[in-house]
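Here the structure is laid out as structure tokens; the discussion comes afterwards.
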Amino acid sequence: MMTQVRSLGLRGVEGYVVLCECDLSGGLPNFEIVGLGDTAVKEARDRVRAAVKNCGFDFPVSRITVNLAPADRKKGGTVYDLPILVGILSAEGKLPKPDAKWAFVGELSLSGAVRSVPGMLPMALAAKAAGMEKLFVPADAAAEATLAGGVDIYPVSHVTELVAHLKGEAPISPAPVWTPDEAQTPLPDFAEVKGQENVKRCLEIAAAGGHNVLMIGPPGSGKSMLARRLPSVLPDLSEREALEATAIHSVLGMTSKEAPMLTQRPFRAPHHTISATGMAGGGAGLVRPGEISLAHHGVLFLDELPEFHKDVLEVLRQPMEEGRVQISRSAGSESFPARFMLVCAMNPCKCGWYGYNDRRCRCSEKDVEKYQHKISGPLLDRIDLIVDVPPPDFATLSDKPAGESSAEIRGRVNAARSLQSRRFGRQGVPCNAQMGRGELEEFCPLDGECQAMMKGAFERMGLTARGYDRILRVARTIADLDGSEAIQLPHLAEALQYRATGWMAK
């Protein structure tokens, strides 16, 4: 006898429907799973057999064939344990056949307990898109699955609960839609930073327009401290952004039943020993997202920038332009979202003191040049704001009162983002940093004085076409913070100041 049970799978960060076909036939006892599954899928045979027996059922003594369709798509993980068990019991007549609009997802323990699996949110979204009406999931993952909306989510803790529900003996109540608590984890505040007003201003501009930043300064000047306070002034995640970012974290098993959804913009700070695969994504088996995708709609902070391997830095170039990364491996090719703010910090030389304390710096000019030129020109050209972070003096640290709070800065950032939302309307541009050529021509016109200043800067600084566009985007953001309809001379002058790359000649 043959029965069909709907389940779900993952491809990259997107879910899709999987049809689990279970056939019981005569012949020598055998249990085979086909459909291009990995080792974890194949091992479902032992988990399902033990769970069936330990839940008080007799495991069928027959030839069992399970096909996971589409059979030409690679499948991985333990997500198919529960639908295989339901299919076998249904094919044997111990359970009624499940409806075609029901789907089952979950890993089984040997005792029959149902364990959570990664990627629940994208799978639930796929179930919604496929018109599923009921989704049976592990109880620990039910809150995350409810975020998809439009599908009744039934939390299952044990196989016996599911059997009783399907037989109509003890119905399971659908899980309520999860809503976040109003109280969020407090973020580090800019009020704790003494001095560095120029750097705070630069980070405010970056937050208001979604721009990339490079901070350069000696050890202990506060670069990392300032970067880690940037999320406290970023705008709240929209519902769409939160679902997109959460789906990526869910695929890598980084969500929990207590916090199934991201409520704050992600802040990723990988160590400089990370590989190119760890940064961009990939893997030997199923292709998985990397750090740049985990930073989607948030901040990717690279501390000690020149210490990262060259190939790791160069993989950032395409995603910084396109907002996506294309990964091609022998296991398959996937495209992951990667729309992030790049925030970098570095010392001016290997010892860290070149240009700030000549008595402490022991680097030769050749050593300084070699260190600074670890950052390639094409990558540097994609950074909108370059700011100097000088060491604070004793008077600033000992006497200066607390600085402006993140809440005050965030108020100005939100006002600027509101202007951008109204300006771009339905054009799909989230912020100034993502403006294309059409938006630049429409919203960033320059008057005669600004044109003359830009022409002089273009020739003097040796700007590229990309650098020219990025200066216009930053100037537009500065004008938004000033509440100005047009880009004026002071706005353009400040944008040019942050674009100057003369730091290499300190």
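Can you tell me which residues in the stretch 310-339 are open to solvent by less than 20 Å² (accessible area, probe 1.4 Å) and either part of a loop (DSSP other than H, G, I, E, B) or more than 17 Å from G281 (Cβ to Cβ) (or both)?
Residues satisfying the conditions are L316, G323, A338.
Out of the stretch 1-26, which residues are open to solvent by 60 Å² or more (accessible area, probe 1.4 Å) and assigned to a loop (DSSP other than H, G, I, E, B)?
Once the filter is applied, which keeps residues that are open to solvent by 60 Å² or more (accessible area, probe 1.4 Å) and assigned to a loop (DSSP other than H, G, I, E, B), the stretch 1-26 yields M1, G26.
Residues that are closer than 29 Å to E321 by Cβ and of a type in the set (F, W, Y), at least 3 per element: which helices (runs of 4 or more DSSP H) completely within the stretch 179-264 meet that?
Per the criteria, no element qualifies.
Right, V41: modelled with pLDDT of 95 or more, of a type in the set (A, V, I, L, M, F, W, C) and in a loop (DSSP other than H, G, I, E, B) or not?
Considered against the rule, which asks whether it is modelled with pLDDT of 95 or more, of a type in the set (A, V, I, L, M, F, W, C) and in a loop (DSSP other than H, G, I, E, B), V41 comes out as no.
Just checking, does the stretch 388-397 include any residue being aromatic (F, W, Y), closer than 27 Å to R229 by Cα and touching a strand residue (DSSP E or B) at 6+ places or on another chain (Cβ under 8 Å)? Please lay out each step first, then the result.
Residues of the stretch 388-397 that are aromatic (F, W, Y), as a first pass: 394.
Cutting the leftovers down to closer than 27 Å to R229 by Cα gives us 394.
Narrowing further to those that are touching a strand residue (DSSP E or B) at 6+ places or on another chain (Cβ under 8 Å): none.
No, the stretch 388-397 contains no residue that is aromatic (F, W, Y), closer than 27 Å to R229 by Cα and touching a strand residue (DSSP E or B) at 6+ places or on another chain (Cβ under 8 Å).
Being over 14 Å from L108 (Cβ atoms), in contact (Cβ under 8 Å) with a residue 12 or more places away in the chain and either of a type in the set (K, R) or open to solvent by 40 Å² or more (accessible area, probe 1.4 Å) (or both) is the filter here; which residues of the stretch 125-172 pass it?
Once the filter is applied, which keeps residues that are over 14 Å from L108 (Cβ atoms), in contact (Cβ under 8 Å) with a residue 12 or more places away in the chain and either of a type in the set (K, R) or open to solvent by 40 Å² or more (accessible area, probe 1.4 Å) (or both), the stretch 125-172 yields L125, K128, A130, E133, K134, G150, D152, K167.
Those residues that are in a loop (DSSP other than H, G, I, E, B) and either modelled with pLDDT under 90 or among the small types (G, A, S) (or both), I need them from the stretch 374-390; list them, please. Show your work before the answer.
Step one: of the stretch 374-390, the residues in a loop (DSSP other than H, G, I, E, B) are 374-376, 382-384, 389-390.
The one that is in a loop (DSSP other than H, G, I, E, B) and either modelled with pLDDT under 90 or among the small types (G, A, S) (or both): S376.
Being surrounded by 24 or more Cβ atoms within 10 Å (Cβ to Cβ) and under 24 Å from the mean Cα position of the chain (by Cα) is the filter here; which residues of the stretch 107-121 pass it?
Result: V117, G119, M120, L121.
Among the listed residues F57, F31, identify the single one that is farther than 20 Å from L135 by Cβ, of a type outside the set (S, T, N, Q), more than 30 Å from the chain's Cα centre (by Cα) and open to solvent by less than 30 Å² (accessible area, probe 1.4 Å).
When all the criteria are applied, what remains is F31.
The values are calculated or read from the model by the stated rules, or taken from the named source; none is laboratory data. Everything numeric in this text was worked out from a predicted model, so none of it was measured. Here Cβ is always computed from backbone atoms with ideal geometry, including for glycine, and neighbour counts include all displayed protein chains. Heads up: the accessible areas ignore ligands, DNA and RNA and are worked out on the full protein's heavy atoms, side chains in. Shrake-Rupley method; radii C 1.70, N 1.55, O 1.52, S 1.80 Å.
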